[in-house]
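Each remark here refers to the structure printed beneath this line.
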Amino acid sequence: MSAMSDDYRQLLDATIQHLEGLKSRGVRHVAVAPETLRALALPPAAGKSASANFKPQIPTAAVPSKIEPTISMPPKKSAAPVAPVKAVIPNLKVEIKSSSPEKAAAFTALREKALACIKCPHLAASRTTVVFGVGTIDAQLMFVGEAPGADEDEQGEPFVGRAGQLLTKIILATGLSRSDVYIANILKCRPDTPGQSAGNRPPTPEERATCIPYLQEQIDLIKPKAIVALGATAVDGLLGKTLGITKLRGNWQTYRGIPLMPTYHPAYLLRNQAMSEKRKVWEDILKVMEKLELPISTKQRKFFLPA
Ligand code: URA
C-alpha cells in the first residue's frame, strides 16, 4: 500500500473513530456537508494531503491504523456512572453530554448564545455557520486556534481543512483522538474578505475582543488541565500582547490559572516543511503530554529527530 493510501486510510480511521466516539456518547445525528461525503468517497489527489506533511517521520506503529484502544485521559472525577445529560442543538444536531448535568446545561446555553450571535454584524452576514467548538466538554486538553477558514465555515467544525487535518494528525500522534480533547478558536465566525472570492485574514482586535468572552466561558466550563495555543493570534488573544510566538513557543504560560503551551499553528507547518520546525512543535506537544502524564514511548520521543 502506498504512503498516500496509508495516509488516506489513517484519516478514514480517525473519522470512523471520531464517529464511534460520538455514537458511544449517544450522538445519533451528525451534520455532514455534501462536499465532505464526496471527498470521503474519493482518495485525495496526490500532493494534496495535509496529513502527509506530518507523516514521514512518524513510525506507523506510533499512529496505529486502528487506534484501539484509544489512550484516553483519566477521568477528572470518580468514574461512578452518572446519568448523562443530553441537549440537542437544533441546527447542528450536536448533543452535549457530561458527567455533570449543570456543566452540560451551561455549555448548551453558551453554545446557543454563540450560534445566535450577531455582535459583529459583518461576520454574521457573511458566515455560513458559527464554528463554536468540537470535542468533549470533559477534556483535559484544549487546543485553541485563530478563526474558522472556508472549510470550517461550511462544515461548522473547527480545524477540518488542510491545517485541521494536520492538527488531527498531531493529536493522533499523542495517542489521543479529536473526541478526547476540545478544539476551539479565538473567533467563532470566519473573518470576511469582502471583494475577494477566496483567502483568509486574521481577526481584527475589535473582532477578537468581541468574541473572546465565548472562549473564556468555554475554558471556564471545561476547565482543562492544559491548553495548547496554536499560533500568534491564539497566544495574543488569550495572553494579551506578548513577546511573539517565536520567543514564546515551548515555554509554559498561564491562562486563568491553567498551564498554556504556545506553539506554532499547523498552517505554519504546511508553509514551512522543515523537519526542524516539525520537531519544535512536537517538542512542545511532548511537554504537554508530560504535564498530562500521558504515556510517551521511546518512538514518540524521537519523532522528527534526524535518524
Ligand atoms: N485555522 C484555525 O486557526 N482554526 C480553524 O478552525 C481552522 C484553521
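All of the numbers you see were taken from the coordinates with simple rules; none came from a lab. Keep in mind it's a predicted model, so treat the numbers as computed, not measured. Backbone-built Cβ (ideal geometry, glycine too); neighbour counts: all protein chains shown.
Among N272, A198, Q165, which residue has its Cα positioned farthest towards the positive end of the charge dipole of segment 126-278, with +1 placed on the Cβ of Lys and Arg, -1 on the Cβ of Asp and Glu, and the dipole taken about the Cα centre?
N272
Using +1 on the beta carbon of Lys and Arg, -1 on that of Asp and Glu, and nothing else charged, what's the dipole of segment 217-306 about the Cα centre, debye to 20?
Values: 15 positive and 8 negative charges, 66 e Å.
That gives segment 217-306 a dipole magnitude of about 320 debye.
Given contacts defined as C-alpha pairs under 8 Å and at least six residues apart, what's the relative contact order of segment 246-303, whole-number percent?
On the way: 41 pairs, mean separation 15.7, N = 58.
That works out to 27 percent.
Calculate the dipole size of segment 134-191 relative to its Cα centre from +1 charges on Lys and Arg beta carbons and -1 charges on Asp and Glu beta carbons; express the result in debye to the nearest 20. List each step's numbers first, then the result.
Working: 5 positive and 8 negative charges, 30 e Å.
Once rounded to the nearest 20, the dipole reads 140 debye.
For A307 and A150, compute 0.36 nm times the residue count separating them, minus their Cα-Cα distance, and round to one decimal in nm. Don't skip to the answer; put the middle values down first.
Details: separation 157, 0.36 × 157 = 56.52 nm, distance 3.77 nm.
Stretched out fully, the A307 to A150 stretch lengthens by 52.8 nm.
Given axes a ≥ b ≥ c from the Cα gyration tensor, I'd like to know whether segment 183-307 is rounded (a/c under 1.5), prolate (a/b larger than b/c) or oblate.
Oblate.
Among 281-290, 98-107, how do they line up by average Cβ neighbours within 10 Å per residue, starting with the highest? Intermediate values should be presented prior to the final figure.
Details: 281-290: 19.4, 98-107: 17.7.
Final packing ranking: 281-290, 98-107.
Starting from the Cα of T242, step 7 Å along the direction of its Cβ; do the same at E290; then give the gap between the two resulting points in nm.
Between T242 and E290, the simple spin-label model gives 1.9 nm.
Test of understanding: what is the full-extension gain from Q216 to T298, defined as 0.36 nm times their sequence separation minus their Cα-Cα distance? Intermediate results must be reported in sequence, preceding the final value.
On the way: separation 82, 0.36 × 82 = 29.52 nm, distance 3.60 nm.
Result: 25.9 nm gained on full extension.
Do any of K225/K299; K225/K287; K278/K299; K280/K302; K169/K299; K113/K188 go past 19 Å between their Cα atoms, and which? Mind dumping the intermediate values first?
Numbers: K225/K299 25 Å; K225/K287 13 Å; K278/K299 15 Å; K280/K302 12 Å; K169/K299 16 Å; K113/K188 12 Å.
Listed pairs above 19 Å: K225/K299.
Which number do you get for Rg(Cα) / (2.2 N^0.38 Å) in segment 222-268? Before the final figure, lay out each step's value.
Working: Rg = 9.8 Å, N = 47, 2.2 N^0.38 = 9.5 Å.
Computed over Cα atoms of segment 222-268, the ratio equals 1.03.
Give me the net charge of A267's neighbourhood, meaning all other residues with Cβ under 10 Å from the Cβ of A267; Lys, Arg count +1, Asp, Glu -1. Numbers along the way, then the final one.
Details: positive: R162, R271; negative: E146.
Value of the local net charge: +1.
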